[in-house]
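Structure record follows, encoded as C-alpha cells.
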Amino acid sequence: MKKFYLLLFCFVLFSFSHLRAQKKNAAVTKPAANKTLVVKTQPNAIVWLDEVRRGYTDENGRLELKSMSNKTHALRVRAKGFKETTITITPPFRSEINVKLLQITEEAERLFQEAEEAREKAKADDERDAAIELYRSSLKLRPNNAAAHVGIARLMLSLGEYEDALEEIKSARKLRPAYSEASAVEGRIYVKMYEEESAVASFQRAIREAKGYQPEALTAWAFIYEENLQYEEAAIQLKAALSQLYDTEPILYVKLGEYYEKLERFKEAIAAYEKYLAISPNGEQATAIRSFIDQLKRQIAGQP
C-alpha cells in the first residue's frame, strides 16, 4: 500500500512539473503582437514583403510596413538605377531597417528594370510588345534570368498569346525548377485556355512551392470556385489570400462580401464590406458599398 501511494505521489509531482514546463514554454513562444517596421532606402523605391508589393518609399526613402507578423519575412527592394536586393528579416524586429542598394553596373540589369517598369505601365498592345523586346534584350545579356521569362509570360497572357506564354513559363522553370510565381502565372494562363484542372494543379504547385504563401494563386483559385458557383470554397480561398496581402488589395473584400451574400451570411458580408471601407473610405465603390451595408442591415432587422 505504501508503494502504491509513493507511485501516486511521483505521478502527481511529474504531472505538475510537466504542466509548469508547458506553461513556461507557452509564455516563451507566444507570438509577439503585429508591429510596424520602417524601411529606409533610396527615394521612390519599390518595396515587396513576402512577394507582396507594399508600395513606394517617399522622397526621404522611407516606407512604413504595418501588420508585421512575428515570423521570418523576405524583404525585396528595387530602385531605378540600383541593383535589386532581397534580404531576410527575422524577429525580433527593429523599428527601422536600412537597406543599402548598389548602383547598377551591368546593362542586363538596367534593361530588365526598364522592362519591368514598362510592363507595369503598359495599357496598349504596342506598349506590351515594347516591354517584351526590353525583356528579350536583357535575356541576351543575362540568359539565366528566370524572372524575365515570367515577365514576358505575363505580357503574353495580356496579349492573348497563351501557348507562347506557356513556353516562357517552361523556360523559367528550366532555370528555376521550384518557382512559385511562374506556377501561379501558369495557372492563370490555363484559366484563360479553359483548362480548369491544369489551372488548379498549377495553383496547388505554386502554393506548395511557396510553402503556403501565394496570394496570387489563392485569389485566382477562388475565382475558379466562383465560376462554378462554389461560393463557400471561393470564400475560404479568398480569405486565405487576403490574410497574405496586408490589405494592399481592398477591392477583394468587396468580392468576399459578395460571396457571403450569395451564401446568405449577411453579417459576414457586412464585415467584409466594412473592411473595404476601413482601408479605402474614398474608393471608387465606397458609396455603393455603404448602400449595400444599409440594405443588408435592414434585411437582418426584417425591414423592407
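The values are calculated or read from the model by the stated rules, or taken from the named source; none is laboratory data. Because the structure is predicted, anything quoted here is derived from the model rather than measured. Cβ atoms come from the backbone with ideal geometry, glycine included; neighbour counts cover every protein chain shown.
Residue 77 passes every criterion in (1) surrounded by 15 or more Cβ atoms within 10 Å (Cβ to Cβ); (2) part of a helix (DSSP H, G or I) apart from (2).
Listed by position, the helices (runs of 4 or more DSSP H) contained in region 191-304 that have at least 2 residues being under 22 Å from residue 55 (Cα atoms) and in contact with a Ser or Thr (Cβ under 7 Å, 6 or more places away or on another chain) are 231-242.
Kindly evaluate residue 62 against the criterion of being in contact (Cβ under 8 Å) with a residue 12 or more places away in the chain and under 15 Å from residue 46 (Cβ atoms). Answer is yes for this residue. Go through 192, 211 for me and flag whichever is within 18 Å of residue 246 (Cα to Cα), among the charged types (D, E, K, R) and either surrounded by 19 or more Cβ atoms within 10 Å (Cβ to Cβ) or not assigned by TED's automatic domain parsing to the domain that holds residue 72 (or both). That would be 211, the only listed residue that is within 18 Å of residue 246 (Cα to Cα), among the charged types (D, E, K, R) and either surrounded by 19 or more Cβ atoms within 10 Å (Cβ to Cβ) or not assigned by TED's automatic domain parsing to the domain that holds residue 72 (or both).
Output the residue which, of all residues in region 41-56 that are closer than 15 Å to residue 213 by Cα and in a strand (DSSP E or B), is nearest to the chain's Cα centre (by Cα). This residue is 52. Selection of region 57-74 for residues being over 26 Å from residue 217 (Cβ atoms) and outside any strand (DSSP E or B) yields 57, 58, 59, 60, 61.
The set of residues in region 74-108 that are touching a Phe, Trp or Tyr at 6+ places or on another chain (Cβ under 9 Å) and of a type outside the set (Val, Ile, Thr) comprises 74, 75, 76, 78, 84, 101, 102, 103. When 216, 249, 168 are checked against the criterion of being free of Cβ contacts under 8 Å to residues at least 40 places away in the same chain and under 24 Å from residue 290 (Cα atoms), 249 stands alone in meeting it. The set of residues from region 276-304 being touching an Asp or Glu at 6+ places or on another chain (Cβ under 9 Å), under 21 Å from residue 265 (Cα atoms) and among the aliphatic types (A, V, I, L, M) comprises 278, 289, 293, 296.
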